[in-house]
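Let me begin by presenting the structure, written as structure tokens, before commenting on it.
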Amino acid sequence: TGLVPSCLQINSRPKLFPGDIVEYPRNKYFSHFGIYFGERDGVPYVAHLTCRDADTKIPLFGRALRSEVKLDPLELLGNKYKVNNMLDGSHSPRDFHSVVKPAIEDMLGREVTFDILFHNSEHQATLFRYGIKKSQQIELVYEHIMPSWKKLFEEKKL
């Protein structure tokens, strides 16, 4: 077997730097994303967009009105994670201490509308790191799933 690049390893306890995007795979298609915030009293923390209502597992119609940016311990979100600074090749990461950290601190506890298509945890993470909202997983949905749905719809099977 070939070596797997460290950026693709899951559960390898990758070295994290403040401002890194942390990806937590949830299923075959979707992941949850956050920004590594650093340690507090020796505990590593991640800032992430999450629903305020703990019992809200699947937001209604892909939207949850009561969402917020929270700081949680890194492994509270899952013990399978990886660094995924997916846009570093095309966008410059913003400075963590002068830009990203103050932006996160400003957003903590503020009510935000979560929208699976337009403002999910990946959008929030890329907004913090790069200053732009982007969700590659949603772009894949559009690229691969939407054409097949369109075909089924045209064949009146959907």
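The values are calculated or read from the model by the stated rules, or taken from the named source; none is laboratory data. Here the structure is a predicted model, which means the values were calculated and not measured. Using ideal geometry, Cβ is built from the backbone for each residue, glycine included, and neighbour counts are taken over all protein chains shown. Areas reflect the complete protein model, heavy atoms only, side chains present, ligands, DNA and RNA absent. Shrake-Rupley method; radii C 1.70, N 1.55, O 1.52, S 1.80 Å.
The set of residues in segment 2-21 that are within 25 Å of His144 (Cβ to Cβ) and modelled with pLDDT of 95 or more contains only Ile21. When residues in segment 127-144 are screened for being open to solvent by less than 40 Å² (accessible area, probe 1.4 Å) and either over 16 Å from Thr50 (Cβ atoms) or without any contact (Cβ under 8 Å) to a residue 40 or more places away in the chain (or both), 7 of them pass.
If a residue has to be under 17 Å from Val69 (Cβ atoms) and loosely packed, with under 14 Cβ neighbours inside 10 Å to count, how many in segment 108-126 make the cut? Full working, then the answer.
Kept after step one, since they are under 17 Å from Val69 (Cβ atoms), are these residues of segment 108-126: 108-116, 118-126.
Retained after the next criterion (residues that are loosely packed, with under 14 Cβ neighbours inside 10 Å): 108-111, 113, 118.
The qualifying residues number 6.
If you go through segment 80-104 and keep only what is part of a loop (DSSP other than H, G, I, E, B) and either open to solvent by 50 Å² or more (accessible area, probe 1.4 Å) or under 14 Å from Leu16 (Cβ atoms) (or both), you end up with Lys80, Tyr81, Asn84, Asn85, Asp88, Gly89, Ser90, His91, Ser92, Pro93, Arg94, Asp95.
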